[in-house]
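Okay, so here's the structure we're looking at.
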Amino acid sequence: MPEHTEARHLMTTTVPTVRADATLREALRPMLAASAGPNDLAAVVVVDGDDRYVGLLTPRLAVKGALALWMPDPIDDEHGVDDDGGLTAVLAERLDEPVKAILVHGVPTVAPGDRLVRLIDTIARRRFDALAVVEDGRPVGIVTIARVFEAASDLALTPGDEGIELGGRRRT
Amino acid sequence: MPEKPSHQTLAGRAADYVRRDARADAMAGLSVAVMGVPQAMAYALIAGLPPVYGLYTAIATCAVSALLGSSNHLVTGPTNAACMVILSLTADLPARTGHGLLEIVFLLTFITGLIQLVFGVLKLGGIVRYVSNSVIIGFTAGAGILIAVNQLRNVLGVDISADGARRFHEVLVATVSRVGETNVYALVLAAGTALLVAGLPKISKRLPASLIAVGAATFACWALGWYDATTMGAHRVEIARDIEPIRGSLAIFHVPSLVVAPDWALALELTPGALALAVIGLIEATAIARTIASKTGQRLDFTQEFIGQGAGKMAGAFFSSFAGSGSFTRSAVCYQSGGRTRMAAIFSAGWTALTLLLFAPFANFIPKASLAGMLLVIAYSMIDKQRLKSSLKSGRFPQIVLFGTLLSTLVVPIQYAIFVGVALSVLILLRVTGQTDLTQLVRRPDEGFDEVPFNKAPASAVAVVNMEGDLYFAAAEDLDYELLRCITPQTRVVVLRMKRLRAVGSTAMAILEHYWELLRERDIRLVVCGIEDELKDVMTGSGLRRKIGEENIFYADNKLLQSTELALARARSICDVERRNAETVVLDGADAPAVPRGITAADVMDRRCIRFGNQHQLREAVWLMSEMHRQSRSTRAQPLFLQHRDGTLAAKLTPWRVLREFASRLDPDAVHELDDRTLGARFREHFTTSIASIADGDPAAVTKATGLARAIQIGRDDDVDVIPVVSEDGHITGLIHMADALRALARSVTPPEDADA
C-alpha cells in the first residue's frame, strides 16, 4: 500500500486515443457507444501523428467545443420540442469536422507521479470529467473524476463511520 | 498462515510443531499458569476444598480436556460459579453421609463429566440455547454475591462453623454477628491482597496481579510470623498448610472410592446438581469458544468440545480434581498471550505442575485470608453492573428473568438457579408468544415513514419491515415464514429494521440466518438495519455478517431512522444495479409515433437516480456517493441530487464540490508532505459540514417534455454533465447525462446505416 496515492495508481491502464484529424463523429463514437456502467468511457485522448498528446475530449468538452459558436434564439420551451434553435444543423456540420477544430484548449494534464492533492486540485478546480496522464509528451493513462473521488473518500471514510464497514478497495 | 507441514507422519508433524508454534504456546501456557495458580487455589477455597486441589484440577482436567477438545484457545480449569455450585452441593454431605468431602466431590465430578460426555455423544448441545443471556448474567451475579458473602468470614478471620449456617442469609448473619471477633492480621492480609489485585492492573495490564498480590501476602505472613501459633496465639492467621499440607509431588492419581464402589443413593442425590453443573460448564465452554473463534476464525466442533469437557472431568476424578470447566479468564489470557494451538493449554498444565513441585513449601504459607481478599475482588467483577443497569432499561421480561435468576441463587440452592432461570424464560415465553409485532414502513413524500399494518404496504421493489417487541426463541420458527408474507412479485430487496426489537442474540441470529436463506431461494436480497451493539457481536460470531454482507448491514445510531435511511439508499442502489441491463427507456403514455418528432428529455433520461435529503452532513453524503460510484462502476461523475423535506429538488452536490471542500483548508505549501493517512484525517475534518451549505443550490432542471436542444444548451451554458429532470411538482424523476443526449442527437443527424450499433 503506497504511502502516497499518485496518478499512476488511479489511472486507467489503457488509453483510448484518436487522431487529431479524425472527425468528431469518429472521436465521439466510443464514448457514446455505451450507457453509464462498467463499460462506459469518460474521455478520449486526442493525439497527433507521433502519438503525442494534443488534447482531451469528453462529452461535456465536446458540447462546449462543438457548440461554442452556437447562439440560438431563446428557445421557447413550449415549442422547444420541434424547434431546436438550429442545434441539429450546427451539430450536423461539426460532426464531420476534424477533432482539432473543436478541441477546447487549456485542459491541463498530470504526470504519473502527481499526488492525490494535486489531482484533486487540478480536476476539481474547473470540474473536469477526466484528465490525461502524460509522460514525456505521451499519454499513458486517464484519471477520471470518479476514481479521484473514490480515492479521496476512501481515505476519509473509516470503518467506524456510522457503523458502516467498507470493503477494502484495491489500489491498482 | 504457516506453510503446510513437510511430512504427514506423526514425527514429522511433531517436528513441524516444535519448529513453528511450540515456543509461542509454551509462553502462552506460562502466562496462563502465572495468572492461574493463585486463582486455582482461591477457587478451590470457594468450593470449601483445600487450595492444592485447585492446582490438581488445573493440571489434570486441563490437560485431558485440551487433548480431546477442539478449540485452540479454550483452557479448562476451576471456575468461580462452578465452584460455588460444588460448595452448595457438597458442604453438608460429609456430615450426613459419613463419606469424606473429597470422595464426594470426586464422585460429583465424575457424574458431571459423564453427563457432559453423553450430551456430546448424543449431540444434545442445543440445550444451551434455552439458557438465555439474562439467565447467565443473573446467575453469575448471584454467584458473585454468594462468593463474597461466603468469603467474608475468611477475610475477617472468624470461625462460624459452630453456627450451623448454610443458607445465604444465615451465613451473612452469622458472619456479621461475629464482627467483634475479627482477626486484624487476617483482615490486613486480605485487604492488602485485594488492593493489589484491584490496583496493579491499573498500573500495567502486563503485571501478574494476583500472583504478586498473593505472593506478597504470603511473604509478609511468613516473614512476620503471623501464622505461628506460639507467637500469635489466637490471633494467628490460617494458612494453606493448616487446611491440608501441600506436598510437592505429582502423585495425584487416586482411585475415587465412591466411583468404583458407588453409594447409589448418594449418586442419585447428586445427579440433579451434577446436571446443573454440566449445563453451566457447557454454556461457559460454548460461550468462550465462540467468542474466541470469532476472533481467530477457527471453526469449532461443539460436539468435540463437549466430549473433551466431559472426558476431562471423568479423568480428573481419578487425578484428585474437582469439576473444572472452560475458564474465561484462562482462555482469554491464553489467546492474548499468543497461544496458537491446544498445546498451549497443555503447556499451562505443565507449568502449573512445575510450580507445584518447586514452590510447594512456599505455597504452604499462603494465608487463607489473602485468597479470600482476592476472591472478593473477583466476586465484585462477576456482577456485570453495566448489563444489569441496561437490563433495567430494557423490556420487562428480560428483567424478570435476570433478576429472578439472581434472586433464586440467593434463596434456593444455587444449583437450581439455572433451572429457575430456564423455567422463568419458558413461562414468560408462553405469555408472549406471538408478541413480536411486524409492521411495514412506507416512504412518505416528505421523506418520513408511515407505519402500515404488515402485508398491507403497496407493492414495491423494496419492502421495509419493522420488527418490534419481544422475540423469544420458540416464536422464531413461525416468524420466519410470517416474514415471507410481505413479499410481493415485485419485491427485490427486503429491509429488516430490528432496532425496536428486544431479542436474545442467538435467537435473533437464528431467525436472520433462516430468513436470509429463504430470501436467497427466492432470489431476493436482504438488508438489515437498526442493529444494536449486542447483536453486532453475536452476528460476528455466527458468521452471519459475512453471509449477509457487510455493505448490507446498518448499525443503530442515535439519530432517528438514520440507519434505516441508509439501508433504504442501499436497497435502492441494489435495485438500480439489478435493473441496469434490463432497463429500456420507457416512453410515457403514447406509442412511438409514425411521424418523427422532436426528441425530448423523456427519451434520453436515466431513471436511476438516488435522492438524498439536504439535511444530512457531509459524512453521510460522502459515504453514499462513494457507494454510488462503487455500485455503478461507471467512470462518469455521479452527482448527488438533494431534496427538501417535501421531496422537491433542492440542490446538487457534485464530487468536485466535495473534493474542493476536502482540500479547502489545506495549506498549499505544506500539503505535499502529507501522507495518505494524514490526508484522510484532514478530509475527515469536514465531515460534519452540512451539505446544504456547500451544495449548488437551485440547479437548472428540465421537465420530461423539454426538448433535447434545450437540455444540451443548459449543459453547455452551465457546463454540466448531468441535468436533473423534474416532475410538475418539483420532484426529481430522472437524470440526463450529456453523453446520452449527444448520442441521441448524433443518431438523429445520422442516417441509420451509419448509426452506432
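The values are calculated or read from the model by the stated rules, or taken from the named source; none is laboratory data. Small disclaimer: the values here were computed from a predicted structure and weren't measured. All Cβ positions, even for glycine, are placed from backbone atoms using ideal geometry, and neighbour counts span all protein chains on display.
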Would you please name the residue that is modelled with the lowest pLDDT, looking only at residues in segment B:399-441 that are in a helix (DSSP H, G or I) and of a type in the set (G, A, S)? B:S425
Scanning for something assigned to a loop (DSSP other than H, G, I, E, B), modelled with pLDDT under 90 and within 10 Å of chain B (Cβ to nearest Cβ), does segment A:129-142 turn up at least one residue? yes
Take B:L117 and decide whether it is over 31 Å from the mean Cα position of the chain (by Cα) and in a helix (DSSP H, G or I). no
Taking segment B:629-649 on its own, how many of its residues are more than 8 Å from chain A (Cβ to nearest Cβ) and in a helix (DSSP H, G or I)? 1
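Condition check ((1) under 17 Å from A:T58 (Cβ atoms); (2) crowded, with 22+ Cβ neighbours inside 10 Å; (3) away from every other protein chain (no Cβ under 12 Å); (4) in contact (Cβ under 8 Å) with a residue 12 or more places away in the chain) across all residues:
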site: B:D696; (1), (2), (3), (4): no, no, no, yes
site: B:V702; (1), (2), (3), (4): no, yes, no, yes
site: B:D719; (1), (2), (3), (4): yes, no, no, no
site: B:G730; (1), (2), (3), (4): no, no, yes, yes
site: B:H737; (1), (2), (3), (4): yes, yes, no, yes
Please enumerate the residues belonging to segment B:513-533 that are touching a strand residue (DSSP E or B) at 6+ places or on another chain (Cβ under 9 Å) and either basic (K, R) or modelled with pLDDT under 80 (or both). B:R520, B:R525, B:E532, B:D533
For B:A42, which of the numbered conditions (1) more than 27 Å from the chain's Cα centre (by Cα); (2) at pLDDT below 90; (3) outside any loop (DSSP other than H, G, I, E, B) fails to hold? (2)
When you scan segment B:319-333, do you find a residue that is surrounded by fewer than 21 Cβ atoms within 10 Å (Cβ to Cβ) and over 16 Å from B:P78 (Cβ atoms), even just one? no
B:V726 within 8 Å of chain A (Cβ to nearest Cβ), closer than 17 Å to B:G613 by Cβ and of a type in the set (V, I, T): no
Quick check on B:S626: is it farther than 15 Å from A:A152 by Cα, among the polar types (S, T, N, Q) and within 10 Å of chain A (Cβ to nearest Cβ)? no
Within segment A:30-51, of all residues that are surrounded by fewer than 18 Cβ atoms within 10 Å (Cβ to Cβ) and modelled with pLDDT of 80 or more, the one nearest to A:A151 (Cα to Cα) is A:D51
Under 9 Å between Cβ atoms, which residue pairs at least 6 apart in sequence (or on different chains) link something in segment B:672-683 that is within 8 Å of another protein chain (Cβ to nearest Cβ) with a partner that is acidic (D, E) and not in a helix (DSSP H, G or I)? B:D675/A:E3; B:D676/A:E3; B:R677/A:E3
Residue under question is B:G339, and the condition is that it be touching a residue at least 24 places away in the same chain (Cβ under 8 Å) and within 30 Å of B:A216 (Cα to Cα); does it hold? yes
